[in-house]
Every structure is written in C-alpha cells, then in structure tokens.
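Below is one structure, written out as structure tokens, with a few remarks after it.
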Amino acid sequence: MDFDCTKPLGDQLDLYLKNDIDMICYELCINGIVYESQFKSLWSMVCKKNSYEMTKLFSRESGIDISYAYDNVTCNFVYYDTHRFSMREAMEKSVLYQKSFFN
C-alpha cells in the first residue's frame, strides 16, 4: 500500500507503522526513548505530520505514557517515556544519538 507521508496519515497510521510498531514499543519499554530515523518508518515528514497521533498509538501499544519533543539542535523528533525522562533530558539524549548516528 502506498502512503502519502506529506500529509497526516490519520486512520492509516497503524497500517503505516505496522512493520515497526512492535520494535518501537519494545524500545520504549526497555530504554524509554525512541529517536527519529531509528526505525525505517520514523522519518522526518512522518514525525512532523503525525507526532501527536504517534504518541497516542505508542502509549496505547506499550502501556506507558509517551510524549514527544523536537530537538532544535539536530532538528529531529524524539519520543520518550514521561515517567523516565523529562523533555529536556529526552532532547539531550536525542542530540547525543543523532550526533553519534550521523558522525
């Protein structure tokens, strides 16, 4: 199925994330954080257009409270367990992840 990821995916978000959702939720449960580009389906435009809906989906599927932030240093989204990290901590981790990933 083709998805137009330049627009919010709405009801198709579950289907779009189908191949990665189990691993994303596993990562959230184990490490409490997931970064943009960490999984094939988490690319910039998808995160930009669907972050709020993604946090609801991740929270529902993982059973933990997930929120998101936008890291202005590396211009990436990060999704995190609100009981383990503050927004500031999540953004700091995002900067470290993205710098190590792309350097």
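Nothing in this text is a laboratory measurement; each read-out follows from the coordinates by a stated rule. The model shown is predicted, which means the values in this text are computed figures rather than measured ones. Neighbour counts are summed over all protein chains in view; Cβ atoms, including those assigned to glycine, are modelled from backbone coordinates with ideal geometry.
Structural remarks
- Figure legend: label point modelled 7 angstrom from the Cα of Tyr26 along Cα→Cβ; residues of the range 56-78 with amide N under 15 Å from it are 62.
- Farthest toward positive dipole pole in the chain [+1 Lys/Arg, -1 Asp/Glu at C-beta], among Tyr70, Asn19, Cys5: Tyr70
- Residues Asp11 and Arg84, FRET efficiency given R0 of 25 Å [Cβ-Cβ distance, rounded to 0.05]: 0.25
- Check: the chain dipole with +1 on Lys, Arg Cβ and -1 on Asp, Glu Cβ, in debye: 240
- Relative to the longest principal axis of the Cα atoms of the chain, the long axis of helix 44-62 makes an angle of roughly 90 degrees.
- Percent of C-alpha pairs per 10 Å bin in the range 18-102, short distances first: 19, 59, 21, 0.
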